[in-house]
Amino acid sequence: MPAGNSQPDYVGVIMMLVIYGLPFLFFVVAGVSGTIIERRHYRSIRDREAATADLPVVTLRTLDGTRPVADARLVTASVVISHDNFKRFLAQLRKIFGGSLRSYESLLDRARREAVLRLKAECPDAHIVMNLRLDTANIANTQGKKGIGAIEVVASGTAVRFAG
């Protein structure tokens, strides 16, 4: 230890690790956690899509055919999915350098698929859901740079149950 310094040399190294290492470690843990959560959500979506594959959802306004309709009603479902800070950081970098925002593309894909699944859950007795419409909205607190950032997807359509 030098004569004029009252702290050992390793204290400076520890302080550097705390100042720079902990935020980096937090960032890595947040990124890994977000990826794990997203993969679990995608697995859940795939399982539920397979389970509800017998209920078609189409964008057609009318059906060809003469099958009598027993019941038709409006069904809606919505989902709000927030992006994590890791994706927000990647999007900010991409805005600087340009290119597609793939991290947000997966967010939109998950939100749309989840909204359609929730729409199907609203009408389990239907034979088909027609006139599917998907509306998106950005949900953000625009006061300052901080705040939530999320996407809302609203799915709506007409659930049709045929007679007989």
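If the condition is being under 14 Å from residue 154 (Cβ atoms) and either in contact with a helix residue (DSSP H, G or I) (Cβ under 6 Å, 6 or more places away or on another chain) or among the hydrophobic types (A, V, I, L, M, F, W, C) (or both), then region 114-128 contributes 115, 116, 117, 119. Quick one: residue 73 ticks every box in (1) touching a Cys at 6+ places or on another chain (Cβ under 8 Å); (2) at pLDDT below 95 bar one, so which box is it? Against the list (1) touching a Cys at 6+ places or on another chain (Cβ under 8 Å); (2) at pLDDT below 95, residue 73 comes up short only on (2). For region 126-164, the set of residues classified as under 11 Å from residue 115 (Cβ atoms) and at pLDDT 90 or above consists of 132, 133, 134, 135, 136, 152, 153, 154, 155, 156, 157, listed by residue number. Scanning region 25-58 for residues that are charged (D, E, K, R), under 23 Å from residue 157 (Cα atoms), assigned to a helix (DSSP H, G or I) and without any contact (Cβ under 8 Å) to a residue 60 or more places away in the chain returns 46, 47. Residues in region 73-89 that are surrounded by 17 or more Cβ atoms within 10 Å (Cβ to Cβ) and either in a helix (DSSP H, G or I) or small (Gly, Ala, Ser) (or both): 77, 86, 87.
The values are calculated or read from the model by the stated rules, or taken from the named source; none is laboratory data. Note that this is a predicted model, so its numbers are computed, not measured. Reconstructed Cβ throughout: ideal geometry from the backbone, glycine too, with neighbour counts over all protein chains shown.
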